[in-house]
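Novice: Dropping a structure here in structure tokens format, bear with me for questions.
The values are calculated or read from the model by the stated rules, or taken from the named source; none is laboratory data. Treat the numbers as computed from the prediction; the structure is a model and nothing was measured. Here the Cβ positions follow ideal geometry from the backbone for every residue, glycine too, while neighbour counts run over all protein chains shown.
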Amino acid sequence: MKSKYQAFTLIELLIVMAILIILMGIGLFGGRFIFKQAQITRHTSVLAELSKATEGYYLEHNRYPEGSSTLTSFQTLVEHADGLEPYFDKDFDGGDTAVYYYYVGNQGQDYLYCVESDSYEYYLCDGTDFSLPGSTVEKKGDALTQAQRSAATFSGTWTKNSGWGS
């Protein structure tokens with residue numbers, strides 16, 4: 001017997017919906033992974049820019065920048081003429097929201113930059129010395145300890161759309 005209605009059955013619709021839900025789940029998971037990798041790549045690039053500018057400062061002054069009356073925060077370190085500003089190829093852009101740390105030691109002969117994601121999911125570091133008082137920092141990790149954060153010469157929060165925060 002031939003039905004006069006031509007439509008999908010309930011089972012067919014449920015199967016199609018299940019397939020779509022599975023595909024959406026895979027897409028969301030993949031999208032998060034790609035977004036995090038893009039953040040890591042951007043922060044790695046920013047660390048390379050900071051290191052390049054810091055090495056330019058070192059070539060001219062024979063030491064890495066330290067705190068002074070004009071260099072009082074991470075923002076002034078990056079944006080002040082007595083800091084790294086003359087050594088950047090372009091204006092500093094910290095990328096996605098993150099906290100930046102700068103450590104200087106050995107009488108201005110060693111430095112370390114670390115950037116920590118705003119959600120503390122990861123941190124990345126670059127510099128000439130990875131040892132801090134009481135600990136050693138890896139090049140990449142899950143989260144800095146509170147002692148490592150407080151040992152910074154300067155720290156500053158970069159917000160993606162508005163620049164430096166407090």
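Novice: Checking the conditions here, which among Phe35, Phe8 is not basic (Lys, Arg) and not in a loop (DSSP other than H, G, I, E, B)?
Specialist: On inspection, the qualifying residue turns out to be Phe35.
Novice: Hey, among Asp89, Asp96, Asp82, Asp110, which residue is touching a residue at least 60 places away in the same chain (Cβ under 8 Å) and of a type outside the set (Val, Ile, Thr)?
Specialist: Going through Asp89, Asp96, Asp82, Asp110 in turn, just one is touching a residue at least 60 places away in the same chain (Cβ under 8 Å) and of a type outside the set (Val, Ile, Thr): Asp96.
Novice: State whether the residues of segment 141-149 include one that is assigned to a loop (DSSP other than H, G, I, E, B) and among the small types (Gly, Ala, Ser).
Specialist: Yes - at least one qualifying residue is present in segment 141-149.
Novice: Any idea which of Glu55, Glu60, Glu116 is closer than 16 Å to Gly156 by Cβ, not aromatic (Phe, Trp, Tyr) and not in a loop (DSSP other than H, G, I, E, B)?
Specialist: Answer to the selection: Glu116.
Novice: So, in segment 37-51, exactly how many residues are in contact (Cβ under 8 Å) with a residue 12 or more places away in the chain and loosely packed, with under 14 Cβ neighbours inside 10 Å?
Specialist: Final tally of qualifying residues: 2.
Novice: Here is a list: Ser69, Ser73, Ser150. Which entry is of a type outside the set (Phe, Trp, Tyr), more than 18 Å from Thr44 (Cα to Cα) and at pLDDT below 85?
Specialist: Values: Ser73 fails: at pLDDT below 85; Ser150 fails: at pLDDT below 85.
It is Ser69.
Novice: Just to be sure, is Val78 farther than 19 Å from Thr44 by Cβ and among the hydrophobic types (A, V, I, L, M, F, W, C)?
Specialist: No.
Novice: Let me ask you something else. If Met17 satisfies every condition in (1) out of contact with any strand residue (DSSP E or B) (no Cβ under 6 Å at 6 or more places or on another chain); (2) under 21 Å from Phe154 (Cβ atoms) but one, which is the exception?
Specialist: Tallying (1) out of contact with any strand residue (DSSP E or B) (no Cβ under 6 Å at 6 or more places or on another chain); (2) under 21 Å from Phe154 (Cβ atoms), Met17 fails exactly one: (2).
Novice: Looking at this structure, is Gly56 modelled with pLDDT under 85 and surrounded by fewer than 19 Cβ atoms within 10 Å (Cβ to Cβ)?
Specialist: For Gly56, the condition - modelled with pLDDT under 85 and surrounded by fewer than 19 Cβ atoms within 10 Å (Cβ to Cβ) - is not met.
Novice: Within segment 73-101, which residues are buried (at least 22 other Cβ atoms within 10 Å of the Cβ) and under 13 Å from the mean Cα position of the chain (by Cα)?
Specialist: Hits for segment 73-101 are Gly94, Ala98, Tyr100, Tyr101.
Novice: Please determine, by comparing only the residues of segment 119-140 that are part of a strand (DSSP E or B), in contact with a Gly (Cβ under 9 Å, 6 or more places away or on another chain) and modelled with pLDDT of 85 or more, which one is surrounded by the most Cβ atoms within 10 Å (Cβ to Cβ).
Specialist: Here the answer is Tyr123.
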